[in-house]
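Structure, as structure tokens:
Readers should treat all values here as calculations from the given coordinates under stated rules, not as data from a laboratory. Note that this is a predicted model, so its numbers are computed, not measured. Here the Cβ positions follow ideal geometry from the backbone for every residue, glycine too, while neighbour counts run over all protein chains shown.
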2 protein chains.
Amino acid sequence: MGWDIQSDVPPQPISMATHTIIFISAEAKPKSVQVPTGTLLADAARQAGVEIGQPCGGQGRCGRCAVQVTQGNVRLRSTLRLSNEALEQGYALACQTIIEGDTTVLVPEQEKIERRLTTDRVAAEVRPPVGYDYPHSQSVRRIHLSLDPPSMDDQTDDWSRLQTALRAQVGFETSEISLPLLQSLPATLRAGEWRVTAILAIHPERPTASSARIITLQPGHIDEYSPLWGIAIDIGTTTVSLWLVDLISGKVHAQVAEYNGQIARGEDVISRIMFSSKANGAEEMRTRVLETINGLLDTACKRVQIDAGEIIKATVVGNSTMIHLLLGIPAENIRLTPFITTINQPPLLPAREVGLAIAPDACVDCLPGVASYVGADITAGVLASGQNRLEEVALFLDVGTNGEIVLGSRDWLVTCACSAGPAFEGAGVRNGMRATTGAIEDVWINSETYEPVFRVIGGGKPKGICGSGLIALLAEMFVAGILDKAGSVKRDLPTRRIREGNHGGEYVIAWADETETGEDIVLSRVDVDNLMRAKAAIYAGFSVLAEQVGFILEDVHKVLIGGSFGKYINVEKAVQIGLLPDIPWERFDFLGNTAVRGAYQALLDWRERERVKQIASQMTYIELSADNTFYEAFMSAMFLPHTDLGRFPSVSAVLNKST
Amino acid sequence: MGWDIQSDVPPQPISMATHTIIFISAEAKPKSVQVPTGTLLADAARQAGVEIGQPCGGQGRCGRCAVQVTQGNVRLRSTLRLSNEALEQGYALACQTIIEGDTTVLVPEQEKIERRLTTDRVAAEVRPPVGYDYPHSQSVRRIHLSLDPPSMDDQTDDWSRLQTALRAQVGFETSEISLPLLQSLPATLRAGEWRVTAILAIHPERPTASSARIITLQPGHIDEYSPLWGIAIDIGTTTVSLWLVDLISGKVHAQVAEYNGQIARGEDVISRIMFSSKANGAEEMRTRVLETINGLLDTACKRVQIDAGEIIKATVVGNSTMIHLLLGIPAENIRLTPFITTINQPPLLPAREVGLAIAPDACVDCLPGVASYVGADITAGVLASGQNRLEEVALFLDVGTNGEIVLGSRDWLVTCACSAGPAFEGAGVRNGMRATTGAIEDVWINSETYEPVFRVIGGGKPKGICGSGLIALLAEMFVAGILDKAGSVKRDLPTRRIREGNHGGEYVIAWADETETGEDIVLSRVDVDNLMRAKAAIYAGFSVLAEQVGFILEDVHKVLIGGSFGKYINVEKAVQIGLLPDIPWERFDFLGNTAVRGAYQALLDWRERERVKQIASQMTYIELSADNTFYEAFMSAMFLPHTDLGRFPSVSAVLNKST
């Protein structure tokens, strides 16, 4: 059924009557649901328990929720992203389709998300900080208490009795306990015959003068040297990482990672915020990320053979949107001018309030962020990179779904966020994809024949191109002379691979018979523009930051690259397209996931935790959208590698050699 | 069907098969439930949603859960409280009956609890404390804040912006906010266009130096002089009282009271504790009392036409068991030697953790108690009575379901609890009943004819005798010469009203044709013994306390009587039976519900709150069951009025006159 023949269907009376919607897919039995007139097809699908991905958050932008209406009466709010051909075949976007009668829908097979997570590679590198010393560094303590049993001569209540022991045996002047722990107190004291093991949250600098908060109480005296479990969590927009750590030795016992379950409701933070602003959207977002984290907890705990209830401390980082969504705090104003977070420094919360499936009174410490688009992942990243201790000026860069930049040293730090967009994660590019099996991750182009050679993740036929592949491809096309400075495809070169596409010139990397999909894999003029905008946004961020503090960008002592993205890119090629500044290669450090590493350091050592706070308060945030020089810097960077070739001497040299 | 003919029923195979239990009652349609072999009939009833009262907590003591098994196969664990006749008719106690086959049960009509609550009488008496001064007394504050709106030049997060205003405009150095309030913060700030009204919990002595905790935030600037609502709650074992108070004027706007919903699961604290120790028992107890309180809140708020969400502070008193059950804290050890509470001084808790349907972050302050049987109702009662400020020694007495006594002055306080039992509340006495319509509340007996005259609550025919009536009856029978010193009924008197009952001599107060029930109302020898044990326990408590501190009881300057019980008794008669010490009448003060009044005082004034804490820590608790002299004192008091008539000169005089 196509929309052009919709008039063949007898018009049905529009009323508040309910309609039967049937969903047919190859993967499962047909499912049906009753909904009233005016229901969004995407909502009907959710009610029927049919999973339809909505990476753009239901804005009709991404086209991933396209379904085929084979029969029925619906109204399309938007036909964006659908060709005339598709519309004729009855395709519609579930997020833009309003039900007006009984309808039958064919759900195309959802592409299963394949996984290429960096778990094992990173695992080998983690070492506890040199000289890590549990008693002086940790804000939690395990202590043994022996209480005098009550008698007719000593009828002190259980809680006062415990407090007396804490005062007499350990020196804590005051102590706090939660209602749930109070509820289990009598049984615990008696099961241990008045000997208990308490885990306390304290201030390690002045342990006895401050108030000790009880996290767990267990009967009997538990081996003092057995591990005391904590977790460090980085909630990335795309990937959530969790490290399970023994707080006594500082050793990382498990590292696990998983796609953020919120992806199904938006790939970037803006889509997530928009989804979370809908009715029940915030609750769904919260539930989805908690399911991801609790799933990771389960995996990590099984691997180490412990119960998640033994985990008594969690340190959490993530961009400001991720932290807001985790805590169920409205993120709406992050998206709207003048871009305001609800909170940058969340208070310490018990795990039961956050919803983490660890000890209910475990301390959950969400590290401080700086602004709407510079969150705790960056302050923790700076800590992990060591930038805050360097005498010389360094540049810290974390390119994830967004790009955040910090310039500075131990004396000063300036930061900004570039809305680079998710082009380097494969979105907004026709054949772009995430770095999973089948993605072209590196490319070389022969400057004479213009024939490419590429490497595919997993080694099979290619399905598309991931971020590192796109950077390499752009650089190679430029150096080989396929692209000019402005990013235009040269038409006059002697190769079939350059051709006229729907949106200007395009380059064919792989022919249909070489690919997994059976279609050509190409890079079009539109793709090139998107990639250039992304790289220009990041480079303009560098320039503006440097200009703001009167520093020459090329003089930076170090370029510290965080995020798993950085682990796979080829610096030479990133410099060639003008994404990274042209400085000697030895000054680049690729650090992997600096966010989770910073969280780990803060988890172990309260002084490191203090340093993150200091980093957050020290950072001067530059709002690029309010900066007059940014637009100019951005336009100057919208060339390959840049308008000012003098800034890219090594690239000039390569170009001179090849011409 | 009687138990003697149970053998006529073919024995059914005992297996884990399930059986159908049908409950038939006059009040509702028959209800049925499927349960496995071995289920307690009382549990089956609960599962079927059939309400069967269990005042003794399911111990088979009270006989109130008797039902008639008309058909089926059950096994009786105990036949206590059932006559042979009743057993023959198939009567069984639901709490003692085990199901072994399909069964049909006739549920007798439950006596509806009638209400005679003291709301209105007390209402007229309450005046705010003299010189009550909100700004110096209250630990909550309403403040207006005007925040600078955010802009591209000032992207401070909402929470920091609010904190800055609190610091700059009011002087609070630090402030705290809960996660739920954070979740509503952005909407509140924007709805009020950056003007908000905050209610804060502060320390009134050093408001700015301490940390202010935010209780509520509302958009705009709300009239500073509009009421600020708080509640004082007394959770009695029998009755829950709630006062709704404007914290600015100190005025009590509503006073409401209601039977504690836990009564259906036990009339005294011991039965409640036993019930709460069963599976889900604690949760049921908590739910029941919360339903009572939240119902009262609803009534009070409707009367004053406010929303319960406007209530931002609650002060709670009750005996230790009631407070434990409210907070879901195990009360089991209160009942077991050496009688240990889990906690005497609960921490401040937010209303949402307690389960009160007021502002979720309202402070709930459960005042401190002293021991298992001397709770916050007594410390608050002492405050309300003023005993803690007296120069001279006074005696404070609160006779409710238990009897608590405090002896002392502003310099020292000793206290004890007498397990008087609920005889004065009408329990354990054949024709005893609560002080509701139909209860004989006062009696006079002619010393020559032995004919009685009595007064009935509500003025109709009598159904039974309440506490004040029992005291009067006992005194009159003694003074008229019907009872001797030892409580034996004299048989040789010329009146039909004295006769031989099932358990010794008894006296008929009302003949069957004069009563509502159509049966004689009598006081038996067993009843007299129970009443004498109760009064002896209380008087022995007085004696032991006085002896412990070397004080002559009759020298007390004041006898301060708390509890609604005290409002109705006749002092002369209470002295005649030896319940109260024989001192001049003018020294007796009847104060009504001192517990809720003390809670009210502590609600209004933080210094009064401090005084309750001081009272609690100052009180020396004497555990009577561990005291060697108590038994002796008790035995001496098991006479009318006492072995030592020298202690009761006014009673001697009356006796000499009448003989």
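Where both bridge residues fall in the protein assembly as shown, DSSP classifies roughly 70% of the beta bridges as antiparallel. Assuming a ≥ b ≥ c are the square roots of the Cα gyration tensor eigenvalues, decide whether chain A counts as rounded (a/c under 1.5), prolate (otherwise, with a/b larger than b/c) or oblate. Cα axes put chain A in the oblate bin.
Database remark: amide H of B:G101 closer than 5 angstrom to the amide H of B:N73 (H placed geometrically; neighbours at sequence offset of 5 or more, or on other chains; Pro and chain starts carry no H). Angle of helix B:649-658 to the longest C-alpha principal axis of chain B, folded into 0 to 90 degrees and rounded to 10: 30°. Among B:V382, A:V399, A:V74, the order by Cβ neighbours within 10 angstrom, fewest to most, reads A:V74, A:V399, B:V382. Filter A:K31/A:K278; B:K463/B:K535; A:K278/A:K313; B:K463/B:K490; B:K29/B:K278; A:K251/A:K313 down to the pairs with a C-alpha to C-alpha distance above 22 Å, please. Violating the 22 Å limit, Cα to Cα: A:K31/A:K278; B:K463/B:K535; A:K278/A:K313; B:K463/B:K490; B:K29/B:K278.
Rounded to the nearest 10 degrees, the inclination of helix A:376-385 to the longest alpha-carbon principal axis of chain A is 80 degrees.
Label 7 Å along Cα→Cβ of A:E353; region B:355-371 residues with amide nitrogen under 16 Å? Correct set: B:355, B:360-364.
Residue of chain B with the Cβ closest to the rotation axis carrying B onto A, and that distance rounded to whole Å: B:E353, 5. Legend: calculated FRET efficiency, A:D589 to A:E51, from the Cβ-Cβ distance at R0 = 41 Å, rounded to 0.05, equals 0.50.
When B:I622, B:I552, B:I231 are arranged by Cβ crowding within 10 Å, least crowded first, meaning fewest neighbours, the order is B:I552, B:I622, B:I231.
Kirkwood-type hydrodynamic radius, region A:561-600: 10.8 Å, calculated from all non-identical alpha-carbon pairs. In region A:229-376, Cα pairs under 8 Å separated by at least six residues give a relative contact order of 23 percent. Using the Cβ-Cβ distance between A:V654 and A:T337 with R0 = 45 Å, the FRET efficiency computed as 1/(1 + (r/R0)^6) comes to roughly 0.60. Remark: the Cα gyration tensor places region A:568-659 in the oblate category, a/c being 1.5 or greater and a/b not exceeding b/c.
Helix A:179-191 versus the longest principal axis of chain A: what is the Cα-based angle in degrees, 0 to 90, to the nearest 10? Long axis of A:179-191 versus the principal axis of chain A: about 50 degrees. For A:L493 and A:E554, a Förster radius of 41 Å and the Cβ-Cβ distance give a FRET efficiency of 0.80, rounded to the nearest 0.05. Ranked by how many other Cβ atoms sit within 10 Å of their own Cβ, fewest first, the residues A:L93, B:L645 fall in the order B:L645, A:L93.
Bridge orientation summary for region B:358-495: considering DSSP beta bridges with both residues in this region, about 85 percent are antiparallel. In loop segments of region A:569-623 as defined by DSSP, there are no trypsin sites (Lys or Arg not before Pro) with at most 14 further C-beta atoms inside 10 Å of their C-beta. Peptide A:144-156 is shielded by partner chain Cβ atoms: per residue, an average of 3 of them sit within 10 Å of its Cβ. Label-point spacing for B:S488 across the identical copies (point 7 Å from Cα in the Cβ direction), in nm and ascending order: 12.8.
With its label point defined 7 Å out from Cα along the Cα-to-Cβ axis, B:T437 lies at 8.0 nm from the matching points of the other copies, in increasing order.
Rounded to the nearest 5, the antiparallel percentage of DSSP beta bridges internal to chain A is 70%. Take every Cα pair under 8 Å whose residues are at least 6 apart in sequence, average their separation, divide by the length of region B:223-311, and the relative contact order is 27 percent.
Packing, as the average of other Cβ atoms within 10 Å across residues, places the peptides A:576-584, B:385-393 in the order A:576-584, B:385-393, highest first.
With the simple model of a label 7 Å out from the Cα in the direction of the Cβ, B:Y259 to B:E516 spans 1.2 nm. Each copy carries A:A626; placing its label point 7 Å along the C-beta direction from Cα gives inter-copy distances of 6.7 nm, listed from smallest up. Overall, the anisotropy analysis places the protein assembly as shown in the prolate class: the square-rooted eigenvalues a ≥ b ≥ c of its C-alpha gyration tensor yield a/c not less than 1.5, with a/b exceeding b/c. The simple spin-label model puts a point 7 Å past each Cα toward its Cβ; for B:H144 and B:R206 those points are separated by 3.0 nm. Measuring nothing but how far apart in sequence close Cα pairs (under 8 Å, 6+ apart) lie, relative to its length, chain A scores a relative contact order of 10 percent. Modelled label positions at B:S160 and A:V453, each set 7 Å beyond Cα in the direction of Cβ, lie 5.2 nm from each other.
Convex hull volume of the C-alpha atoms in region B:229-376, normalised per residue: 92 Å³. For the peptide B:175-184, the mean number of other protein chain Cβ atoms found within 10 angstrom of a residue's Cβ is 4. Peptide A:327-333 shows a mean partner chain C-beta count of 5 within 10 Å per residue C-beta. The separation of region A:416-435 from region A:198-273, counted between C-alpha centres, amounts to 31 Å.
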